[in-house]
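The structure appears right after this line, and notes come after that.
The values are calculated or read from the model by the stated rules, or taken from the named source; none is laboratory data. Note that this is a predicted model, so its numbers are computed, not measured. Cβ coordinates were reconstructed from backbone atoms using ideal geometry, including for glycine residues, and neighbour counts include every protein chain displayed.
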Amino acid sequence: MDMAFLIETIVKIVVILLVFSALAGFGTYFERKVLAFMQRRLGPMHVGPYGLLQIAADGIKLFTKEDIVPQNVVAPIFKIAPVITAATAFMAAAAIPFMPSFTMFGYEVHPIVADINIGILYILGVMGAGLYGPLLGGLASANKWSLISTARAASIFISYEVITGLALLAPLMMVGSLSLIDFNTYQAGGFGDWIVWSQPVAFVLFVIAGFAETGRTPFHLVANDHEIIDGFGTEYSGMRWGLFFIGEYANMFFISFVIAIIFLGGYGDGSGLGALALLAKVSFIFFFFLWTRAAWPDIRPDQLMWLCWKVLMPIAVINIVITGIVMMF
Amino acid sequence: MSLEQFQDRNVAEQNYFHVDIADYPTTNMGKFKRLLSRTFKGELFVGLWVVFREMVKFDIHTVQYPKEKLPVGPRYRAVHKMQRLFESGTERCIGCGLCEKICISNCIRMETKLDENSRKLVTDYTINLGRCIFCGYCAEVCPELAIVHGARYENASDQRAHFTDFNDMLTPIDSAIAGKQKEFDGFGAVTPHEDERVNITPLAY
């Protein structure tokens with residue numbers, strides 16, 4: 001392994017970490033503003049122009065707040081749980097191509113940390129492991145609300161993972177590769193080549209599963225503020241809670257990238273315009289995450305399990321069978 | 001506009017109608033049909049459209065409170081004020097004691113004496129705001145329009161006495177002489193610009 005590759009990889013990792021940590025902060029501002037406008041409010045207005053420095057204020061608050069490890073918690077697990085959420089969210093980013101490769105100072109840069117040939121499998125696996133954050137944090141918290149949230153996390157986990165895998169199987173059969181770059185080149189022909197046109201059902205299923213994976217509003221059950229306080233986060237304070245937060249928002253960005261690359265054409269032919277188009281798609285999917293939060297009600301955990309097992313899973317299986325039949329003839 | 005709907009006082013029947021809600025399905029087939037109709041009805045997109053429309057309209061209803069304040073109606077009864085006479089600037093209070101007498105929560109206390117001109121002088125006047133229920137009887141009964149209610153509703157202070165000291169309640173003498181003292185309209189006062197908001201007078205029927 002030569003030195004240049006090592007340095008390049010480390011630089012990429014640092015850039016992704018910094019950019020998406022900052023984006024997670026900006027995501028909270030964006031979310032509060034969008035939700036406020038949809039509810040005829042103004043949102044944060046006092047810190048900085050139009051409340052833009054609210055992110056900095058929140059950051060200072062999270063960093064300087066007292067770090068409390070309450071009595072009766074299982075301290076080592078309690079402490080490691082938020083790290084799992086944040087770390088797995090960023091680990092998943094390793095196999096995501098954020099931009100087409102470009103040349104900088106006469107050196108070709110591939111904006112993907114590791115183009116492994118099992119890319120999407122790795123991403124889904126690591127994101128799935130990320131659920132150990134809420135699971136362990138809730139179990140270790142010695143709090144009833146956290147325990148309920150853990151039970152919900154487990155029940156959601158066994159529901160949506162099936163849909164994610166089965167929904168992706170059909171596009172995988174068409175592309176014949178697990179690498180996200182291969183997904184992108186498959187759709188490089190343009191608008192008409194997007195997998196969303198040939199696999200609309202898989203697209204809808206994957207988006208639904210993505211909502212469950214990130215715990216966003218129709219399935220906002222694990223940390224449902226109005227039912228179980230903050231779920232697994234009830235006992236957390238300061239930066240430990242902040243790590244959960246960063247993990248959640250980074251996950252939203254990464255799942256937006258995954259949806260855009262798998263179904264919506266990714267960065268297309270690799271031109272600068274394609275890169276901008278990818279950013280636009282990701283922004284829209286992220287906006288959609290916020291949009292649904294303003295418009296839709298939450299469902300109960302049993303309804304989510306009913307939806308996943310009794311409705312979505314049969315549809316996903318039928319979709320795979322039909323795709324197989326169409327591919328065979 | 002005819003007066004018919006105002007003259008019809010039978011409110012139980014005229015404008016009410018039954019909302020068209022189907023009964024819950026009991027059979028499995030009925031439940032399945034309900035699932036299908038709900039799935040393809042697109043109601044979720046109606047919700048998305050409504051919030052998106054509100055975002056684009058940008059019809060913000062927020063009052064940025066410390067910077068912006070809503071106007072207080074003329075009848076509003078907040079912390080008391082003591083008025084002065086115009087021009088001369090003497091205190092209006094003649095020490096008659098009616099406010100002390102009528103106060104139903106016994107929170108007004110006044111001490112008076114005769115001054116050198118044989119005029120009654122208020123030596124001590126306090127209102128215990130911990131007891132006051134802001135009923136407005138004191139302002140109503142005052143023959144000299146001396147004790148009135150102000151519009152000061154922001155009651156955060158480190159000392160309760162800050163609101164009850166007579167000299168604090170009293171209009172500053174320079175603003176009284178300059179004619180800047182606001183009269184309290186009190187009971188029955190009409191909110192400004194109310195005519196524009198009332199569409200039809202209730203006396204029409």
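One line per residue, one yes/no per condition, for (1) touching a strand residue (DSSP E or B) at 6+ places or on another chain (Cβ under 8 Å); (2) hydrophobic (A, V, I, L, M, F, W, C); (3) under 30 Å from residue A:142 (Cβ atoms):
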position: A:248; (1), (2), (3): no, no, yes
position: A:257; (1), (2), (3): no, yes, no
position: A:267; (1), (2), (3): no, no, no
position: A:292; (1), (2), (3): no, no, no
position: A:304; (1), (2), (3): no, yes, yes
position: A:307; (1), (2), (3): no, yes, no
position: A:313; (1), (2), (3): no, yes, no
position: A:324; (1), (2), (3): no, no, no
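For residue B:42, which of the numbered conditions (1) without any contact (Cβ under 8 Å) to a residue 12 or more places away in the chain; (2) away from every other protein chain (no Cβ under 14 Å) fails to hold?
(2)
Tally the residues that are modelled with pLDDT of 85 or more, part of a helix (DSSP H, G or I) and over 15 Å from the mean Cα position of the chain (by Cα), restricting the search to the stretch A:239-276.
5
Where in the stretch B:3-66 are the helices (runs of 4 or more DSSP H), entirely inside, with at least 2 residues that are modelled with pLDDT of 80 or more, farther than 22 Å from residue A:201 by Cα and under 45 Å from the mean Cα position of the chain (by Cα)?
In the stretch B:3-66, B:43-57 are the helices (runs of 4 or more DSSP H) which contain 2 or more residues that are modelled with pLDDT of 80 or more, farther than 22 Å from residue A:201 by Cα and under 45 Å from the mean Cα position of the chain (by Cα).
Return the residues of the stretch A:169-212 that are of a type in the set (Gly, Ala, Ser) and more than 26 Å from residue A:111 (Cα to Cα); say none if nothing qualifies.
Start the filter on the stretch A:169-212 by keeping residues that are of a type in the set (Gly, Ala, Ser), which leaves A:170, A:176-177, A:179, A:188-190, A:192, A:198, A:202, A:209-210, A:212.
Of everything in the stretch A:169-212, those that are of a type in the set (Gly, Ala, Ser) and more than 26 Å from residue A:111 (Cα to Cα) turn out to be A:170, A:198, A:202, A:209, A:212.
Which one of these does residue B:89 not meet: (1) surrounded by 14 or more Cβ atoms within 10 Å (Cβ to Cβ); (2) without any contact (Cβ under 8 Å) to a residue 12 or more places away in the chain; (3) small (Gly, Ala, Ser)?
Here residue B:89 meets the rest and fails (2).
Every residue in the stretch A:1-21 that is surrounded by 11 or more Cβ atoms within 10 Å (Cβ to Cβ) and among the small types (Gly, Ala, Ser), please.
The initial filter retains those residues of the stretch A:1-21 that are surrounded by 11 or more Cβ atoms within 10 Å (Cβ to Cβ), namely A:8-13, A:15-17, A:19-21.
The answer is A:21, and nothing else.
It is to be established whether one or more residues within the stretch A:281-291 are in contact with a Phe, Trp or Tyr (Cβ under 6 Å, 6 or more places away or on another chain) and either outside any helix (DSSP H, G or I) or more than 30 Å from residue A:61 (Cβ to Cβ) (or both).
The initial filter retains those residues of the stretch A:281-291 that are in contact with a Phe, Trp or Tyr (Cβ under 6 Å, 6 or more places away or on another chain), namely A:282.
Pick out the ones that are also either outside any helix (DSSP H, G or I) or more than 30 Å from residue A:61 (Cβ to Cβ) (or both) and you get none.
Among the residues of the stretch A:281-291, not one is in contact with a Phe, Trp or Tyr (Cβ under 6 Å, 6 or more places away or on another chain) and either outside any helix (DSSP H, G or I) or more than 30 Å from residue A:61 (Cβ to Cβ) (or both), which makes the answer no.
Residue pairs, Cβ under 9 Å, 6 or more apart or interchain, first in the stretch A:44-68 and more than 27 Å from residue B:63 (Cα to Cα), second among the hydroxyl-bearing types (Ser, Thr, Tyr) and buried (at least 17 other Cβ atoms within 10 Å of the Cβ). List them.
Within 9 Å, the pairs are A:68/A:236.
Quick check on this structure: which one of B:138, B:132 is away from chain A (no Cβ under 14 Å), part of a helix (DSSP H, G or I) and not charged (D, E, K, R)? Even if it seems obvious, please write down each step before you answer.
Numbers: B:132 fails: part of a helix (DSSP H, G or I).
Being away from chain A (no Cβ under 14 Å), part of a helix (DSSP H, G or I) and not charged (D, E, K, R) holds for just one of B:138, B:132, which is B:138.
Within the stretch A:22-76, count every residue that is surrounded by 17 or more Cβ atoms within 10 Å (Cβ to Cβ), of a type in the set (Phe, Trp, Tyr) and farther than 22 Å from residue A:250 by Cβ.
1
Out of A:2, A:115, I need the residue that is farther than 23 Å from residue A:262 by Cβ and among the acidic types (Asp, Glu). Which one?
Exactly one of A:2, A:115 is farther than 23 Å from residue A:262 by Cβ and among the acidic types (Asp, Glu), namely A:2.
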